[in-house]
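Some notes on the structure that comes next.
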Amino acid sequence: MLHSVADSGGRRRGRRFFCYSTGVKVSIIIPAINEAGCIGRAVRCARQSGVREVIVVDGGSNDESMAIARKSGCRMVSGPRGRGRQMNLGVQKSTAELLLFLHADTVVPENFIQLITSTLARKDVAAGAFSLRINTRCTALQLVGWGATLRSRLLALPYGDQGIFTSREYFNQVEGFPEMEIMEDYVFIQRIKNLGKIVTLREQVTTSARRWENVGIVRTTLINQLIVIGYHLKLPPATLARFYQRARGIGQK
């Protein structure tokens, strides 16, 4: 497990050192619901990199997501719908002291374990994420990924599709993800930012282009910005979630 070197008064001092009694360096938590088309690849790529604990938390899929994920070699957990709730449940079931939260349509770089452990070993870092690459040949979408990475670096504000990682210690200090209908990653980063630096690595995760392709690049970008504005105007998360779903055509016949 991870332990901090402390002085006689219980305060952490110097560089943090890591030792792992379980042999599991990083636990990957993947919230999912109806992700049969992509969950298998996400799990397989993570396990090929040597990670021993991938936990998929299903929020009530009615497709083959659970069967595919289990066949790919992960641990399955069922829980209530909602990314914040699902990720918190995944942490409860995990064993490692370093945590990576990954979307079901996102693939990690090959050396992600080394990148995460070396980044979080820095005493001034509370959390991190990867640069964003969208899996597409579309120049406009490549620019969207570049813009997301730039935002993440300049504002220390990565989003969930960039693969947010932190230690269990810091996760517990901010009491995990807020169990709200939307914006859970945004609020989580804002809270954990008070504990240390947020680092965006040069290395990239690769995420699906599906939401931009399904809804449109301009429309998707506009929806995302309106959700952030609505949050800062203190609109209820449930209201923002309903707007998000209607704007994307989710649940409409």
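Please indicate, with yes or no, whether at least one residue in segment 190-198 is within 29 Å of G40 (Cβ to Cβ), modelled with pLDDT of 95 or more and open to solvent by less than 20 Å² (accessible area, probe 1.4 Å). Write out each step before concluding.
Going through segment 190-198, the residues within 29 Å of G40 (Cβ to Cβ) turn out to be none.
Scanning segment 190-198 turns up no residue that is within 29 Å of G40 (Cβ to Cβ), modelled with pLDDT of 95 or more and open to solvent by less than 20 Å² (accessible area, probe 1.4 Å).
Only a single criterion out of (1) over 20 Å from L201 (Cβ atoms); (2) of a type outside the set (K, R); (3) open to solvent by less than 10 Å² (accessible area, probe 1.4 Å) is not satisfied by I116, namely (1).
Condition check: hydroxyl-bearing (S, T, Y) and free of Cβ contacts under 8 Å to residues at least 40 places away in the same chain. Does Y159 satisfy that?
On the way: hydroxyl-bearing (S, T, Y): yes; free of Cβ contacts under 8 Å to residues at least 40 places away in the same chain: yes.
Yes.
The one condition from (1) open to solvent by 70 Å² or more (accessible area, probe 1.4 Å); (2) at pLDDT 90 or above that R246 does not meet is (2). I need the full set of residues from segment 71-97 which are touching a helix residue (DSSP H, G or I) at 6+ places or on another chain (Cβ under 8 Å), part of a helix (DSSP H, G or I) and not β-branched (V, I, T), in order please. Within segment 71-97, K71, R83, G84, M87 qualify.
Being open to solvent by 20 Å² or more (accessible area, probe 1.4 Å), under 21 Å from E181 (Cβ atoms) and touching a residue at least 60 places away in the same chain (Cβ under 8 Å) is the filter here; which residues of segment 89-104 pass it? Outline the logic, then answer.
The initial filter retains those residues of segment 89-104 that are open to solvent by 20 Å² or more (accessible area, probe 1.4 Å), namely 89, 92-93, 95, 97, 103.
After this cut, where a residue has to be under 21 Å from E181 (Cβ atoms) as well, the list is 89, 92, 103.
Within segment 89-104, just H103 meets the criteria.
Is there any pair with a first residue in segment 186-202 that is among the hydroxyl-bearing types (S, T, Y) and a second that is at pLDDT 95 or above whose Cβ atoms are under 6 Å apart and which are 6 or more apart or on different chains, and what are they? Between residues of segment 186-202 that are among the hydroxyl-bearing types (S, T, Y) and residues that are at pLDDT 95 or above, the close pairs are T200/A129; T200/S152; T200/R153; T200/P158. Within segment 209-236, the set of residues being aliphatic (A, V, I, L, M) and either surrounded by 13 or more Cβ atoms within 10 Å (Cβ to Cβ) or touching a Pro at 6+ places or on another chain (Cβ under 8 Å) (or both) comprises A209, V215, I217, L222, I223, L226, I227, V228, L235.
A single member of T139, T149 is touching a residue at least 24 places away in the same chain (Cβ under 8 Å) and either open to solvent by less than 50 Å² (accessible area, probe 1.4 Å) or of a type in the set (S, T, Y) (or both), and it is T149.
The values are calculated or read from the model by the stated rules, or taken from the named source; none is laboratory data. Quick caveat: nothing in here was measured; it's all calculated off a predicted structure. Glycine also receives a Cβ, built like all others from the backbone with ideal geometry; neighbour counts cover every protein chain displayed. Each accessible area value is taken on the protein alone, full model and side chains, heavy atoms only, with ligands, DNA and RNA left out. Shrake-Rupley method; radii C 1.70, N 1.55, O 1.52, S 1.80 Å.
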